[in-house]
Amino acid sequence: MAYTLDHICPNYIQSDNNSVLWQHLVEIQQGDHVNIYAPSGSGKSSLFQLLLGSRIPHSGRLSYCDKSLKDMSIESLSAYRSKDISFVAQDLRLFESLSVMQNISLSSFNKEGSNGFNTDKALIDFKLEDKQNKKPAELSQGEKQRVAILRALAKEHKCLILDEPFSHLDDALTNVVWSTIKDNCIANNRTLILLSLEKEGRHQWTSQWTL
């Protein structure tokens, strides 16, 4: 079991296929690929913070491997964030004083780590091979997104959580980056949780939910 979300929020929006998340019991198993979608302002970023353990639900229960995130000690939460999950937030959280490669290196990066992820190849595929020594201020927003995604993939993890990660990428780049994400998660039996504005149709999801 990866996550159990049990009636964690007080409001929800009904979807056309009656799949709803708030006020329902949702279980996400290890290796599941889940797309959670809703318009802006519906609570995706709040859910993202809940999954990271940086926000406490007002009601209900959110647990990871049968352990409540709310009741985890500081040490347990730190271990959860450092060892079990990797993520891309909307604000990207890049370190402005570090280069692209230094930002990536913070995730215990090596050229081809134990997860089989080849960072050198991804730099080329993501069209970042000539940006390695640049700092975030010298990059476009789309380039920053790709650096944040690459950093998340380079880290060893069990679950990848993405909060609107493609908003500044064109269709061609999105397809390349998305293919890399899917292949990496499938090859390593990683849980994938994508938070998006609309249903993502480029993947065969385990489940899709709305907020």
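The values are calculated or read from the model by the stated rules, or taken from the named source; none is laboratory data. Here the structure is a predicted model, which means the values were calculated and not measured. Note that each Cβ is placed from the backbone with ideal geometry, even for glycine, and that neighbours are counted across all protein chains shown.
Before moving on, here are some points about what is shown:
- Count - residues of the stretch 55-67 that are of a type in the set (Ser, Thr, Tyr) and either within 20 Å of residue 106 (Cα to Cα) or surrounded by 14 or more Cβ atoms within 10 Å (Cβ to Cβ) (or both): 2
- Checking residue 49 against (1) closer than 23 Å to residue 181 by Cβ; (2) in a loop (DSSP other than H, G, I, E, B), the condition it does not meet: (2)
- Residue in the stretch 83-103 that is surrounded by 15 or more Cβ atoms within 10 Å (Cβ to Cβ) and at pLDDT below 90 present: no
- Answer from 191, 119 - the residue that is among the β-branched types (Val, Ile, Thr) and at pLDDT below 95: 119
- If the condition is being of a type in the set (Val, Ile, Thr) and either under 14 Å from residue 35 (Cα atoms) or surrounded by fewer than 22 Cβ atoms within 10 Å (Cβ to Cβ) (or both), then the stretch 144-176 contributes 161, 174, 176.
- Strands (runs of 3 or more DSSP E) wholly inside the stretch 154-211 that include at least 1 residues being among the hydrophobic types (A, V, I, L, M, F, W, C) and more than 15 Å from the chain's Cα centre (by Cα): 207-210
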